[in-house]
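Asker: Take this structure, written in C-alpha cells, and hold onto it; I'll ask about it next.
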Amino acid sequence: MRRLLLFLLLATALTAGCTPAPKGRIVYGLTLAPTGIDPHINASAELGIPLTSVYDTLVYQDPQTGEFVPGLAQRWEVSDDGRVYTFYLRRGVKFHDGTPFNAEAVRFNLERITSPELASQKARFMLGPFERAEVVDEYTVRIVLSEPFAPLLDSLSQVYLGMASPAAVQKWGQEYQVHQVGTGPFVFAEYVPSGHILLRRNPDYNWAPSVYQHRNAQLEEVEFRFFTDPATRSPALESGEADVMGEVPPQDAVRLRENPDFRIEAVAIPGSSLMFFMNTTRPPLDDLRVRQALLYGTDRQAIISAVFKDTSPVACGPLAAVTFGYDPAVCQYYPYDPARAAALLEETGWKDTDGDGIRDKDGQPLALDLYLMSWGYLPSIGELLMSQWTQLGIQVNAQTVRYPEALQIAREGRHHLMPFQSSGSDPDVLRQFFHSQGGFNWAKGNDPEMDGWLVEAMRVSDRNRRAALYSQVQQRVMEQALALPIRDYVNLNGVNSRVQGLRFDARGWFPWLIDVSVK
C-alpha cells in the first residue's frame with residue numbers, strides 16, 4: 001500500500017511538472033505571392049505573416065497598451081538628446097543554426113540593413129536618421145542617430161528589423177531568402193516561391209517576450225499557401241484546404257459568420273485610412289471650395305455598405321481610428337450634404353449652362369481625372385464615386401492603371417484624384433503623405449506650418465506632445481480638403497473553429513503563431 005501511494009504521488013508530481021506536447025499543424029492562406037521575402041530587403045506586409053514567428057525583435061509592442069516591452073533586449077536607455085539608444089541584451093539566446101545572439105549580431109544586422117548594396121525597400125527607412133551601431137560589450141549595443149527619431153522603438157519591434165543569423169547571411173549570400181535563420185519560436189524549414197512556406201516548431205525556444213501567452217509553440221508545423229485570387233479564399237477555407245485565410249472578401253465574411261464551423265477575426269489595421277488625394281495644383285482642384293464640394297458630395301457610408309458590407313468603418317480623416325494620435329474631432333468635418341456641395345460649385349461659377357447635366361465654366365466642362373489601382377476594391381469604389389459625383393454635375397474620367405504607372409502619373413501631377421493607403425502603428429506614417437517633401441505627397445500640398453508639425457512630431461519623444469501635433473495635422477488636412485477619406489482598413493481573417501488562440505501584433509497583420517493551437 002505504501003509503495004502504491006508513493007508511486008501515485010510520484011506520478012502526480014511528474015504529471016504536474018509536464019507541459020503537454022505540441023501537436024498538429026495548420027495551413028495558413030496568404031493573399032499575395034511576394035517576389036521576395038527577405039524582411040531586410042523586401043517591403044511586402046505579406047512576408048511578415050510567416051516571418052514574425054521566425055525572427056525575434058529587440059523590443060515588442062503590446063497591442064493593448066501601445067507600450068514597448070523587452071524582447072531580445074532586456075532593457076534600454078535613451079540619451080537626453082534622443083540620439084543614442086543603448087540596449088542591454090538577453091543572454092543565452094541562440095539562432096536556429098546554433099550560433100549565439102549578441103551585440104555583434106545586432107551590429108551586423110543593422111549594418112546589413114543600411115548597406116547601400118542591399119537596396120532595402122523598407123527596413124532602411126524605418127531606421128530613420130540611423131548613423132551607426134556600436135558594440136559596447138558582448139551584450140550591450142548602442143544605436144546612434146544623427147537626429148532624434150521618435151518612431152525608432154516602433155520600427156525595432158517589427159519583423160523588417162528582426163535579427164537574422166550573421167553566419168547564415170554570410171553562408172547563403174543572395175540565396176538567404178530561401179534559407180532564413182532567426183531566433184523565433186518557429187524555424188524556417190522550406191520556401192518554394194509561389195508555392196508554399198513551411199515553418200516548424202523551435203524546440204529550444206525559451207526566451208518568449210511577455211506579450212506571448214505561451215513560452216513555446218503549441219503547433220508542430222505551419223504551412224503557408226498562396227491564394228492570390230480572392231474568389232478562391234473562402235472555398236479553400238470551407239473545403240478544409242486552409243485553416244486560416246487572410247483578407248476574405250466582405251460578402252464571404254458575412255456568409256461565413258453564420259456558419260458555426262468558422263469564425264471571422266476582424267482585425268482593424270492602424271496607419272492611414274484609404275484616401276483619395278486631391279491634386280491641389282491642378283485646376284479645378286486648385287480651388288478649395290471645389291475640393292470641399294467633393295467631400296460634401298460623397299456618401300461614404302453608402303460606399304462602405306455597398307462595397308464592404310459594413311465590415312469596416314467609414315474613415316473620418318487621414319489617420320485610422322485605431323492609430324495612436326488619432327483625433328476624433330475630424331469626424332465633425334464634411335457630413336454628407338449634396339445640397340451644400342452643389343452650392344459650393346455654384347459659388348465657384350461651375351454651372352450647367354447648356355443643360356447637358358455637366359457643369360461648365362468659360363466653355364469648359366467640370367471634368368476630373370480619377371486614377372485607380374486594381375487592389376483593395378478600388379474599381380468598385382471608383383464606380384460609386386463616379387455615380388455620386390455625376391449627380392452633382394461632375395464628369396469623371398476614370399482609369400485603372402498598374403502601380404508603377406500610378407506612381408509616374410502622381411509624380412508628374414497628371415491626376416486630379418489618386419487613392420492610397422499605408423499601414424503603420426506610428427502616426428509618423430502621415431509625414432510621407434502631407435509633408436511637402438513626402439514621397440507620397442500626391443495632394444501636392446506645400447504648407448510650411450504643417451511641415452514643421454510633422455518634423456517636430458517625428459523628433460519629440462513625449463507622447464502627449466506628439467498626439468497634440470498629429471491632431472493639428474489631421475485637422476489641417478481636413479480644413480484644406482487635401483484628401484477624401486473613405487474607410488479604415490480591416491483585415492477579415494476566416495478561421496476554422498478548431499483553430500484556437502489566434503492573436504495579432506500591434507500592426508494587425510502579423511499573427512503570433514506561438515499561441516495558436518488546434519482542438
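Asker: Enumerate the pairs (first residue in region 474-497 and without any contact (Cβ under 8 Å) to a residue 60 or more places away in the chain; second residue anywhere and assigned to a loop (DSSP other than H, G, I, E, B) and surrounded by fewer than 22 Cβ atoms within 10 Å (Cβ to Cβ)) with beta-carbon separation below 9 Å, excluding pairs fewer than 6 apart on the same chain, so at least 6 apart or on different chains.
Answerer: R476/D447
Asker: Could you look through region 96-108, keep only residues that are under 18 Å from H40 (Cα atoms) and in contact with a helix residue (DSSP H, G or I) (Cβ under 7 Å, 6 or more places away or on another chain), and pick out the one that is surrounded by the fewest Cβ atoms within 10 Å (Cβ to Cβ)?
Answerer: It comes out as F108.
Asker: Sticking with this one: Mind listing just one residue for me: the one in region 151-169 that is aliphatic (A, V, I, L, M) and surrounded by fewer than 22 Cβ atoms within 10 Å (Cβ to Cβ) and, of those, nearest to A208 (Cα to Cα)?
Answerer: Result: L153.
Asker: Have a look at F308, F276 and point out the one that is aromatic (F, W, Y), under 19 Å from M418 (Cα atoms), in contact (Cβ under 8 Å) with a residue 12 or more places away in the chain and buried (at least 19 other Cβ atoms within 10 Å of the Cβ).
Answerer: Answer to the selection: F276.
Asker: Let me ask something else. Cβ-Cβ under 7 Å, sequence separation 6+ or interchain: first residue in region 89-106 and farther than 15 Å from A73 by Cα, partner assigned to a strand (DSSP E or B). Which pairs?
Answerer: H96/V187
Asker: Which condition from (1) outside any loop (DSSP other than H, G, I, E, B); (2) acidic (D, E); (3) farther than 21 Å from K444 by Cβ is the one that D369 breaks?
Answerer: Failing condition for D369: (3).
Asker: Suppose the filter is in contact with a Ser or Thr (Cβ under 9 Å, 6 or more places away or on another chain), in contact (Cβ under 8 Å) with a residue 24 or more places away in the chain and of a type outside the set (D, E); does L368 pass it?
Answerer: In short, no.
Asker: For region 266-315, give me each residue that is aromatic (F, W, Y) and in contact with a strand residue (DSSP E or B) (Cβ under 8 Å, 6 or more places away or on another chain). Break it down into steps so the answer makes sense when it comes.
Answerer: First, the residues of region 266-315 that are aromatic (F, W, Y): 276-277, 296, 308.
F276, F277, F308, listed by residue number.
Asker: Still on this structure: Which of the residues spanning region 398-419 are within 22 Å of the chain's Cα centre (by Cα) and without any contact (Cβ under 8 Å) to a residue 12 or more places away in the chain?
Answerer: P404, L407
Asker: Where in region 121-209 are there helices (runs of 4 or more DSSP H), lying fully within it, with 1 or more residues that are at positive phi and not aromatic (F, W, Y)? Working first, answer last.
Answerer: On the way: elements: 123-126, 152-156, 166-172.
No helices (runs of 4 or more DSSP H) qualify here.
Asker: Mind checking which residues of region 1-44 are modelled with pLDDT under 70 and assigned to a strand (DSSP E or B)? Lay out the reasoning, then the answer.
Answerer: The first filter runs over region 1-44 and keeps only residues modelled with pLDDT under 70, leaving 1-22.
Matches in region 1-44: none.
Asker: Follow-up. Here are some residues: A208, A150, A123, A168. Which one is touching a residue at least 12 places away in the same chain (Cβ under 8 Å) and either among the acidic types (D, E) or farther than 27 Å from T65 by Cα (or both)?
Answerer: Checking each option against the conditions leaves just A168.
Asker: Since Q388 meets every condition but one in (1) out of contact with any Ser or Thr (no Cβ under 8 Å at 6 or more places or on another chain); (2) within 18 Å of V307 (Cβ to Cβ); (3) surrounded by 18 or more Cβ atoms within 10 Å (Cβ to Cβ), which condition does it not meet?
Answerer: Exception for Q388: condition (1).
Asker: Then there's this: State all residues of region 372-381 that are under 16 Å from A410 (Cβ atoms) and assigned to a helix (DSSP H, G or I); if no residue qualifies, say none.
Answerer: L378
Asker: While we're here: Could you tell me how many of the residues in region 114-124 are over 14 Å from T57 (Cα atoms) and surrounded by 15 or more Cβ atoms within 10 Å (Cβ to Cβ)?
Answerer: Number satisfying all stated conditions: 6.
Asker: Can you find a residue that is outside the structural domain of L513 (by TED's automatic domain parsing), crowded, with 20+ Cβ neighbours inside 10 Å and of a type in the set (S, T, N, Q) anywhere in region 197-220? Please lay out each step first, then the result.
Answerer: Residues of region 197-220 that are outside the structural domain of L513 (by TED's automatic domain parsing), as a first pass: none.
No, because not a single residue in region 197-220 is outside the structural domain of L513 (by TED's automatic domain parsing), crowded, with 20+ Cβ neighbours inside 10 Å and of a type in the set (S, T, N, Q).
Asker: A further question on this structure: Show me the helices (runs of 4 or more DSSP H) found entirely inside region 421-519 where at least 2 residues are surrounded by fewer than 20 Cβ atoms within 10 Å (Cβ to Cβ).
Answerer: Because the criterion is at least 2 residues that are surrounded by fewer than 20 Cβ atoms within 10 Å (Cβ to Cβ), the helices (runs of 4 or more DSSP H) in region 421-519 that meet it are 448-459, 463-479.
Asker: I've got another one for you. Answer yes if at least one residue in region 320-332 is crowded, with 22+ Cβ neighbours inside 10 Å, touching a residue at least 12 places away in the same chain (Cβ under 8 Å) and within 30 Å of P365 (Cβ to Cβ), and no otherwise.
Answerer: No, that holds for no residue.
Asker: Can I ask one more? Could you please find all residues in region 178-203 being acidic (D, E) and in contact (Cβ under 8 Å) with a residue 12 or more places away in the chain?
Answerer: Matches in region 178-203: none.
Asker: A follow-up question, please. Mind listing just one residue for me: the one in region 170-193 that is among the hydrophobic types (A, V, I, L, M, F, W, C) and surrounded by 19 or more Cβ atoms within 10 Å (Cβ to Cβ) and, of those, farthest from S517 (Cα to Cα)?
Answerer: Looking at the filtered set, the residue picked out is V181.
Asker: Output the helices (runs of 4 or more DSSP H) that fall wholly within region 249-366 and possess 1 or more residues being assigned by TED's automatic domain parsing to the domain that holds S436 and among the basic types (K, R), or say none.
Answerer: Hits in region 249-366: 288-296, 300-308, 338-347.
Asker: When you go through E138, E77, E111 one by one, which is the residue that is surrounded by fewer than 16 Cβ atoms within 10 Å (Cβ to Cβ) and free of Cβ contacts under 8 Å to residues at least 12 places away in the same chain?
Answerer: It is E77.
This table checks each residue for (1) of a type in the set (S, T, Y); (2) in contact with a Lys or Arg (Cβ under 7 Å, 6 or more places away or on another chain); (3) at pLDDT 95 or above; (4) more than 26 Å from C316 (Cα to Cα).
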position	(1), (2), (3), (4)
W350	no, yes, yes, yes
I358	no, no, yes, yes
A367	no, no, yes, no
I381	no, no, yes, no
Q388	no, no, yes, no
T400	yes, no, yes, no
A410	no, no, yes, no
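Asker: Here's something else I'd like to know. Hey, could you check region 294-305 for residues that are touching a residue at least 60 places away in the same chain (Cβ under 8 Å) and in contact with a helix residue (DSSP H, G or I) (Cβ under 9 Å, 6 or more places away or on another chain) and say which is nearest to D462 (Cα to Cα)?
Answerer: Restricting to residues being touching a residue at least 60 places away in the same chain (Cβ under 8 Å) and in contact with a helix residue (DSSP H, G or I) (Cβ under 9 Å, 6 or more places away or on another chain), the top hit is L295.
The values are calculated or read from the model by the stated rules, or taken from the named source; none is laboratory data. Everything numeric in this text was worked out from a predicted model, so none of it was measured. Note that we place each Cβ from the backbone using ideal geometry, even for glycine, and neighbour counts take in every protein chain shown.
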